[in-house]
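Read the structure below first, then the notes.
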Amino acid sequence: MIYFDNSATTKPYPEVIEAYMKVAEQYFANPSSIHFLGSEVEKLMTQSRVLTASLLEVKPTEIVFTSSGTEGNNLAIKGVAFQYQNRGKHIITTSIEHPSVLEAYKQLEALGFFVSYLEVDQNGRINIEQLKNTLRDDTILVSIIHVNNELGTIQPVEEVGKILKNYPKILFHVDHVQGIGKVPLQLKDSGIDLCTISGHKFHALRGTGILYIRDGLKIASLMSGGGQEMGIRSGTENVAGIVSMTKALRITLEKINQGGADHLLQLKKALLSGVRQMDGIIVNTPDQDSAPHIINFSVQNVKPEVLIHSLSKYDIYVSTQSACSSKLAQASRVLTAAGLGEERAKTAIRVSFSLDNTVEEVKTFLNVLTNIVPKLQEAMR
């Protein structure tokens, strides 16, 4: 099997599954319980929080465990909007955010908030000057995705953070779901106030996530209950998921720092070199300022779902849009927003690597693609 859909989800590391099973079996008590077993589970969760904070180079009190990137995005965006709406109701984001961000803003717009959507160029990048010109006295939040989940474009979030340091009443949220473990991002002293991370993007289990909230920042809770996670996210904690996610994060960051980043770039270069030699294929991912693990290209005159099913027969798995939108038979919203045209937006394919993929897999994929694309193009004329 060749699995090139890692931006949708990654295969959990064996060590992660082992950790989950051990904690689920031996540390099953509620961490809020005051008996001995409950306190042991609480200690285990505290250790995970401390280690996670150390890996991200932030404080343990700045780590809130969530169930997903979607929950983290909603908690960050709505939590800020509800907490600081007395300052203003203007929010800034981009036109190519993940659906969990865009849908959250649609809900806020229905509640009377005003959202400005920054345009992007053909590389999928925002214009810093447009951002500056969009800031207003009543702006309370800027939310920008770090690595776009379809194009792989890296947004200049560090530059945005520096600008927003001059506006202490404007908070800055970054969706780091696709960047974690592939594209470095320093949270401390970067101007970032909130940052969303999802566990299953770096070989943890689904149902796990992290929301970084800068120390001293208060946001409104979206769920009422027992006040877990420092009162920000009520609900009995998924301790087995948290412990195993921490292990996945440690392993991933160790791998990326021990040659993993160069390995991903090698895979990307090999794939780009191959597809650029094929007739009828246009690369959409920009050459500059793009992540090493995401490649987006369009196959002219071939419906992406047809190509995906054809590749599946060879036990090769890729995707179209983000996993949340991939079953919708429509043009890519991201590519359309980037001005790449409807035809490219309707025929886009996304290949996304993990550190476990190999150059040999890329070569096999290119050989299969070379074989089946002309046949599909001929059949669909």
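Quick notes on this structure:
- Here is how the number arises for the chain: DSSP H runs of 4 or more residues each give -39500 (n - 2.57), the sum is divided by the residue count, and the result at 222 nm is -12000 deg cm²/dmol.
- Volume per residue for region 49-144 equals 129 cubic angstrom (convex hull of Cα atoms).
- With protein chains left intact and a 1.4 Å probe, residues in the chain average 44 Å² of accessible area per residue.
- Between Asp121 and Arg136, full extension at 0.36 nm per residue minus the direct alpha carbon distance yields a gain of 3.1 nm.
- Spatial separation of Cα centroids for region 101-146 and region 35-61, in angstrom: 35
- Whether region 198-239 is rounded, prolate or oblate, judged on the alpha carbon gyration tensor where a/c under 1.5 counts as rounded: oblate
- Accessible surface of the chain [probe 1.4 Å, protein heavy atoms]: carbon and sulfur percent: 50
- Beta bridges from DSSP with both residues in the chain: antiparallel share about 50 percent, rounded to the nearest 5.
- The heavy atoms of Phe82 present about 80 square angstrom of accessible area, all protein chains included, probe 1.4 Å.
- Of the chymotrypsin sites (Phe, Trp or Tyr not before Pro) in region 1-44, the ones in a loop by DSSP (not H, G, I, E or B) with at most 14 other beta carbons within 10 Å are Phe28.
- Oblate is the label for region 1-82, because a/c, from the alpha-carbon gyration tensor with a ≥ b ≥ c as root eigenvalues, is 1.5 or above and a/b does not exceed b/c.
- Cα gyration tensor category, rounded, prolate or oblate, for the chain with a/c compared to 1.5: oblate
- Summed residue charge, Cβ within 13 Å of Gly225's Cβ, Lys/Arg positive, Asp/Glu negative: -1
- Residue-span extension gain [Asn367 to Phe82] - 0.36 nm each, minus C-alpha spacing: 97.3 nm
- Ranking of Ser68, Ser48 by solvent-accessible surface, largest first: Ser68, Ser48 (1.4 Å probe, protein heavy atoms only, all chains present).
- Principal axis dimensions, region 185-312 - Cα atoms, whole angstrom, descending: 59, 33, 27
- Computed with a 1.4 Å probe over protein heavy atoms only, the accessible area of His35 comes to about 90 Å².
- For Ser312 and Glu343, a Förster radius of 30 Å and the Cβ-Cβ distance give a FRET efficiency of 0.80, rounded to the nearest 0.05.
- Largest accessible area first, the listed residues Ile316, Ile282 line up as Ile282, Ile316 when surface is computed with a 1.4 Å probe on the assembled protein chains.
- Candidates Leu335, Leu44, Leu171, ranked by Gaussian network fluctuation over the chain, Cα under 10 Å, top entry: Leu44
- When Lys78, Lys255, Lys346 are compared by accessible surface with a 1.4 Å probe, the order from highest to lowest is Lys346, Lys255, Lys78.
- Contour minus Cα-Cα distance for Gln107 and Lys11 (0.36 nm per residue): 31.3 nm
The values are calculated or read from the model by the stated rules, or taken from the named source; none is laboratory data. Keep in mind it's a predicted model, so treat the numbers as computed, not measured. A quick note on method: Cβ atoms are made from the backbone with ideal geometry, for glycine too, and the neighbour counts reach across all protein chains shown. The area values use the complete protein model at the heavy-atom level, side chains included, leaving out ligands, DNA and RNA. Shrake-Rupley method; radii C 1.70, N 1.55, O 1.52, S 1.80 Å.
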